[in-house]
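Written below as structure tokens is the structure these notes are about.
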Amino acid sequence: MSNQADSYTDGSYGYSGGPASQGQPAQAATRSDPARKALLDVRHEVGKAVVGQDATVTGMLIALLCGGHVLLEGVPGVAKTLLVRALSTALSLDTKRVQFTPDLMPGDVTGSLVYDSHTSEFTFREGPVFTNIMLADEINRTPPKTQASLLEAMEERQVSVDGVSRPLPSPFIVAATQNPVEYEGTYPLPEAQLDRFLLKLSMPLPGRAEEIEVVRRHSEGFDPRNLLAAGVRAVAGVTELQNARDAVAEVTVAPEILGYIVDVVRATRAAPSFQLGVSPRGATALLNTSRAWAWLTGRNFVTPDDVKALSLPCLRHRVGLRPEAQMDGVNVDDVLGSILASVPVPR
């Protein structure tokens, strides 16, 4: 397997980190190579069904390596559901999809007690949250009460009903989607819930060549509901994923890199355009995702470019623009880009 590092480009926002630009050789532990190869094979399998979303697929893999949740933002029809289904198929993981609507109740997500007339007792019926990858489709279309029902599941990996805590399967992540252009009849996610998402990934419309490839595949009989016919197969499982997580945990982070992460996060709190900066949870998220990205690219140490590459998807949903900045058309990613350009990089 080649040790040449890919560059992670976060969708249309275009910040491309250059982990290989440091000119340092890959030094990943030999025992982690099979796990890394399995994860890279997963990315290849997903590509058999999903065209032009390589950055999002990589972001999902990083989230699985870190055990974190993902907020997918994209217009309808850019293969958000297909991506999750293909990823779960390639990893032999269970997945369930919930369409969030204004009348969805918390029990419809977490599960509820149901009366059994045969035993005259109440039994717990598991909701769709009891899965490995839960696709929460259009999560901002359901009221805050139902949105909040996911908080315990996302943070504690358990569901409490009638005073009894029930653990969720492992691994477990939430992949929530929202439409970036249609906000009528929606309920914006509160900051406390946004902060629970490890990454916010943009799924842009494909380029012309990529869209031609999508249409060509459909003209040749591609059926997005039949991934087996598309050639998507399981190339990894829970064991490989756990081995990969163990290897990521061994990636070293120099004190200078830790200081750089903290400096970037603290700069968001002082930015004039932001009324809300990144919390310490965001700093730890940036640390963990940078380690996962470094491991995926074949190294057992983190570079400043790894931190830069993951800063936008990791931090953009954890900050809040001031009203005057919003009226001036200020873009969150542009402000974060300016911060990354101004914070001194350790040498």
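The table below lists the values:
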| read-out | value |
| --- | --- |
| Near pairs, Cβ below 9 angstrom, 6+ apart or cross-chain, from region 88-105 (more than 10 Å from Thr131 (Cα to Cα) and open to solvent by 70 Å² or more (accessible area, probe 1.4 Å)) to any residue that is in a loop (DSSP other than H, G, I, E, B) and aromatic (Phe, Trp, Tyr) | Pro102/Tyr187 |
| Checklist (1) open to solvent by 20 Å² or more (accessible area, probe 1.4 Å); (2) not in a helix (DSSP H, G or I) applied to Leu82, failing item | (2) |
| Residues of region 56-80 satisfying the condition of being more than 11 Å from the chain's Cα centre (by Cα) and touching a residue at least 60 places away in the same chain (Cβ under 8 Å) | Gly74, Val75, Pro76, Val78, Ala79, Lys80 |
| The one condition in (1) open to solvent by less than 60 Å² (accessible area, probe 1.4 Å); (2) in contact with a helix residue (DSSP H, G or I) (Cβ under 9 Å, 6 or more places away or on another chain) that Val214 fails to fulfil | (2) |
| Which listed residue, of Arg157, Arg166, is without any contact (Cβ under 8 Å) to a residue 40 or more places away in the chain, surrounded by fewer than 19 Cβ atoms within 10 Å (Cβ to Cβ) and among the basic types (Lys, Arg) | Arg157 |
| Enumerated strands (runs of 3 or more DSSP E) restricted to region 89-184, each holding at least 1 residues that are modelled with pLDDT of 90 or more, among the hydrophobic types (A, V, I, L, M, F, W, C) and farther than 28 Å from Ala79 by Cβ | 158-161 |
| Gly221 vs. criteria closer than 28 Å to Phe172 by Cβ, part of a loop (DSSP other than H, G, I, E, B) and open to solvent by 10 Å² or more (accessible area, probe 1.4 Å) | no |
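Yes or no, residue by residue, for (1) within 22 Å of the chain's Cα centre (by Cα); (2) closer than 24 Å to Asp33 by Cβ; (3) open to solvent by 10 Å² or more (accessible area, probe 1.4 Å); (4) of a type in the set (S, T, N, Q):
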residue	(1), (2), (3), (4)
Val238	yes, yes, yes, no
Gln242	yes, yes, yes, yes
Ala247	yes, yes, no, no
Ile261	yes, no, no, no
Ala267	no, no, yes, no
Phe274	no, no, no, no
Leu315	yes, no, no, no
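The values are calculated or read from the model by the stated rules, or taken from the named source; none is laboratory data. Not measured: the values here are computed from a predicted model. A quick note on method: Cβ atoms are made from the backbone with ideal geometry, for glycine too, and the neighbour counts reach across all protein chains shown. All accessible areas refer to the heavy atoms of the entire protein, side chains included, with ligands and DNA or RNA removed. Shrake-Rupley method; radii C 1.70, N 1.55, O 1.52, S 1.80 Å.
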